[in-house]
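Visitor: Below is one structure. I have some questions about it.
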Amino acid sequence: MAKEGAQRAEETEQMIEKEGGKEGAEGSAAGSLRAGDTKEMRAVVLSAFGGLNKLRVSKKAMPEPQEGELKIRVKACGLNFIDLMVRQGNIDNPPKTPLVPGFECSGIVEALGDSVEGFEIGDRVMAFVNYNAWAEVVCTPVEFVYKIPDDMSFSEAAAFPMNFVTAYMMLFEVANLREGMSVLVHSAGGGVGQAVAQLCSTIPNVTVFGTASSFKHEAIKDSVTHLFDRNADYVQEVKRISTDGVDIVLDCLCGENTGKGLSLLKPLGTYILYGSSNMVTGETKSFFSFAKSWWQVEKVNPIKLYEENKVIAGFSLLNLLFKQNRGGLIKGVMDKLLNLYNSKKIKPVVDSLWALEEVKEAMQRIHDRGNIGKLILDVEKAPTPLMANDSTETSEAGEEEEDHEGDNENKERMPFIQ
């Protein structure tokens, strides 16, 4: 293993040198990057909040690491449901556009900022990034960066941090999962849902109830104990199997599912809200969908919680990392998760790989709930010819092109291509 690790490190160093030489040759040939000029990179840019037509692959200035930061040559990026909400502006205090989306990536350390310790150029890493992950190069503080195990691929590494840390924190830090408990998880076929199922399997006699679209059932039936159609009356189905309900409810849907989840809790049970995908019903932000989900949420009465001995909680990994400065806590969780990975007890599920230029189609697949596991943007992947239309090609100026009237529906609703 040590020999393989050394060989891999040598290969990554050669890769970095090759990338640098390639960029130099291209810059010289094009005459666009003269000595002293800022180097450029490809990145997915969100020009304004809205539909898929607001996304473009553009050229941007390459960042350089500040003190305490690492510069990473990105190989793969994770795509999460929160990215759809960011695109729509359907989040609290969204940043100003234009912006580069994305919160997690994997790649190779290319440069170290001052005061950085514990990493070397050529290290294979995965990282959390406070936006800007969907690019060829990112810089992020060292506290958000973790080394990749030798046998973990870049695509698996990009699928690992958000899903598994979220699942672990909810199960073990918030809900205190123990032997013999029961868990209800929605969107069981998604990245977090599959991470939850795998982590539950590391504790003896844990019963996992899952909801998912019916077409996913065959693929994920072995990962959960009981699986229900997401459109069925899962409350009655759960109570038929477990009359007392469940110990933990993990809700990424919100809306009417909040009241249903609370009704299923056993005494001393914990309900955790970690998403609100029911608010995303179309390409753009919908006030009607937001209002409907809000009014469907059962108004929680603290006296009722007291009388029924129930716990209600919320969890936001991004807020914990970037607003509440809990990077040290997450580092400890990542250490535990990597030990589980090295013991072959957990493994990220990758649904599919997409080129940067295919980000619209990838987002549509998540919007349609078509994925099983995580969608990954592969920075080195060439786009599928059928997808390389004028809505996804690289824009040198980084400016949004006008869409011809009547074409938006066809471009934004392109079906997933196998």
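The values are calculated or read from the model by the stated rules, or taken from the named source; none is laboratory data. Here the structure is a predicted model, which is why all the values come from computation and not from measurement. Don't worry about glycine lacking a Cβ; one is built from the backbone with ideal geometry, like all the others, and counts go over all protein chains shown. These accessible areas exclude ligands, DNA and RNA; they are computed on the full protein's heavy atoms, side chains included. Shrake-Rupley method; radii C 1.70, N 1.55, O 1.52, S 1.80 Å.
Visitor: Greater than 29 Å separation of Cα atoms is the criterion. Which listed pairs, Lys147/Lys381; Lys336/Lys374; Lys216/Lys260; Lys54/Lys147, meet it?
Guide: Correct reply: Lys54/Lys147.
Visitor: At a probe radius of 1.4 Å, what is the per-residue accessible area of Lys60, in Å² to the nearest 10?
Guide: It works out to around 80 Å².
Visitor: For Glu117 and Ala219 in the same chain, what is the full-extension length gain: residue separation times 0.36 nm, less their Cα-Cα distance, in nm?
Guide: Stretched fully, the Glu117-Ala219 segment lengthens by 32.4 nm.
Visitor: Measure off 7 Å from each Cα along the Cα-to-Cβ vector at Thr384 and Ser343, then give the distance between these two points in nanometres to one decimal.
Guide: Placing both labels 7 Å along Cα→Cβ, they lie 3.9 nm apart.
Visitor: What distance in nm separates the two pseudo spin-label positions at Gln236 and Glu179, each 7 Å out from Cα along the beta-carbon direction?
Guide: 3.7
Visitor: For the range 207-220, in order, what is each residue's ³J(HN,Hα) by Karplus, 6.51 cos²θ - 1.76 cosθ + 1.60 with θ = phi - 60°, in whole Hz (x at glycine and Pro)?
Guide: Once rounded to whole Hz, the list reads 9, 10, 9, x, 10, 6, 4, 4, 5, 8, 4, 4, 6, 10.
Visitor: Along the range 79-87, what does the Karplus equation 6.51 cos²θ - 1.76 cosθ + 1.60 (θ = phi - 60°) give for ³J(HN,Hα), rounded to whole Hz, x for Gly and Pro?
Guide: Result, rounded to whole Hz: 10, 10, 4, 4, 5, 5, 5, 4, 4.
Visitor: Sort 184-193, 356-365, 329-338 by the packing proxy (mean of other Cβ within 10 Å over each peptide's residues), most packed first.
Guide: Taking the mean over residues of other Cβ atoms within 10 Å, the ranking is 184-193, 356-365, 329-338.
Visitor: Okay, moving on. Using a/c under 1.5 as the rounded threshold, could you call the range 162-344 rounded, prolate or oblate? The axes a ≥ b ≥ c are square roots of the C-alpha gyration tensor eigenvalues, and prolate needs a/b larger than b/c, oblate otherwise.
Guide: Because its axes are fairly even, with a/c under 1.5, the range 162-344 counts as rounded.
Visitor: Follow-up question, since we're still on this one. Would you please name the trypsin sites (Lys or Arg not before Pro) within the range 216-266 that are DSSP coil residues with at most 15 other C-beta atoms within 10 Å of their C-beta?
Guide: Lys221
Visitor: Give me the accessible area of Ile372, 1.4 Å probe, in Å² rounded to the nearest 10.
Guide: Solvent-accessible area, nearest 10 Å²: 40 Å².
Visitor: Same structure, new question: For Phe228, list long-range residues whose amide hydrogen, built 1.01 Å from N in the peptide plane, is under 5 Å from its own amide hydrogen.
Guide: Gly210, Thr211, Ala212
Visitor: As an exercise, use a Förster radius of 25 Å and the Cβ-Cβ distance of Ile303 and Asp244 to find the FRET efficiency, rounded to the nearest 0.05.
Guide: The value I calculate is 0.70.
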